[in-house]
Amino acid sequence: MADTQLMPIPGQVDPVPVARDITPRADGRIDLMGLPKARIRELFLEAGMDDKQAKLRSKQVYHWLYHRGVTDFEAMTDIAKTMRPWLAERFVVGRPNVVEAQHSTDGTRKWLLATDDGHEFEMVFIPDADRGTLCVSSQVGCTLNCRFCHTGTMKLVRNLTPGEIVGQVMLARDALGEWPKGKMDFADLSDDDGANESEYRADGRLLTNIVMMGMGEPLYNFDNVRNALRLVMDGEGLALSKRRITLSTSGVVPMMDRCGEEIGVNLAVSLHAVTKDIRDEIVPINKKYGIEELLQACADYPGASNARRITFEYVMLRDKNDTDEHAHELVRLLKQYDLPAKVNLIPFNPWPGAAYECSTPERIRAFSNIIFEAGISAPVRTPRGRDIDAACGQLKTAAQKKSRAERDREAAAAEATAE
Ligand code: SAH
Ligand code: SF4
């Protein structure tokens, strides 16, 4: 791939190809999408603007880009008419390319997107009565091979850039027609208590929440995910409160502290099993960072409290992780580490060739009751968008599928490096 370079990722067996910060297009213009204000200013200076102009114009362009969703310099009305063509000659404001858009019978929408260099990934929008959640991807594919996850069977992996990550949110706002028309609101929402969300409160707006639960392991693409979410949380940018954003990790322990410190969003952890044997099998990263280490990192997660609980995701796999004993052990562990926790039980979503089945509804109910009785919330997540393969774990683009033998080999290699 001409536009990528190899970059080591913490805890990673193989380096993941990472797209460069800036990939000039064939016509030489630079895509500003995903860049912070300071970087836009630098680029304006490099292109020949004087200091004062660069400062003012970068502020204006940043506002049009992220707060108003404008992609055409001509529409940036407070920028001098003569300046607009100058900008358009040198820069563009991109979006991921839409390959296909699908609608589920339950209202869920899925978009198949492509990067400029042709890698496909997916994003899903899940409307509910009181909220609308956008499920955002962080990588093309995933290196982690969780046994029940379709994304984990994808061979091709590349980290998405900040522009490709924030671009998903921009596209969703485009599709839903949700850019504010009015004046800019400079309120800094990055540290508020939710009371200050003047522009982006739930009422009337469809897209209210973001979950980093699409394709990929966000903490294996930490810098890009952080930089993208900073644009999303910035009051001068997309202005979505960090309280409305949740990042899900399979348990990349060394990055969890930085996630709390540098991003500060809600944390969800894909626990899925309470014994070493079972978690080693279904979430192979467990061989590297075990359950105790993971739960300790959760107990230390900056910002977690009873008001901001950590979500533990638990996929219900028939005859694998769904007994009463497992539920009791889950409660014991959460109490032992004194975790401000809620549990999200996810009925397993099937995909062709999966080695597991979903637990029966009665089993899921019984499992949930045990946790509830211990005073911990344990709702069952209703599967959404199954008919268009948009539900948790069903995302997989046409990029090559790994063979079973390849997956076994990789799992063995991961095990060897973990020891
Ligand atoms: N890589 C991150 C985030 C993406 S996956 C992570 O693993 O946490 C989002 C959630 O869907 C995770 O909890 C994941 O374990 C779960 N999931 C994956 N495959 C699934 C499937 N087939 N059925 C139900 N949930 C699944
Ligand atoms: Fe990757 Fe998450 Fe799927 Fe595991 S569950 S393979 S970490 S996307």
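Given the options Asn286, Pro340, Ala355, identify the residue whose Cα lies farthest towards the positive end of the charge dipole of segment 97-411 (+1 on Cβ of Lys, Arg; -1 on Cβ of Asp, Glu).
Result: Ala355.
Give the separation of the Cα centroids, segment 336-387 to segment 201-255, in Å.
Spelled out, the Cα-based centre of one part sits 23 Å from the other.
Can you pull the Kirkwood radius for segment 97-411, inverse mean 1/r over Cα pairs, to one decimal in Å? Before the final figure, lay out the partial values.
Working: mean 1/r = 0.0503 Å⁻¹.
Its Kirkwood hydrodynamic radius stands at 19.9 Å.
What does the charge count near Ile346 come to, summing +1 for each Lys or Arg and -1 for each Asp or Glu among other residues with Cβ under 10 Å from its Cβ?
Value of the local net charge: 0.
Give the peptides 158-167, 356-365 in descending order of average Cβ contacts within 10 Å, highest first.
158-167, 356-365
Using the Cβ atoms and a cut-off under 12 Å, what net charge is assigned to the surroundings of Val253, where Lys and Arg are +1 and Asp and Glu are -1?
Spelling it out: positives minus negatives among the neighbours equals -2.
Within segment 293-330, list the trypsin sites (Lys or Arg not before Pro) lying in a DSSP loop whose Cβ has at most 15 other Cβ atoms in a 10 Å radius. Numbers along the way, then the final one.
Details: sites: Arg308, Arg309, Arg318, Lys320; in loops: Arg308, Arg309, Arg318, Lys320.
Answer by residue number: Arg308, Arg318.
Rule-based calculations on the coordinates, nothing more; no lab input. Keep in mind it's a predicted model, so treat the numbers as computed, not measured. Positions of Cβ are backbone-derived with ideal geometry, glycine not excepted, and every protein chain shown enters the neighbour counts.
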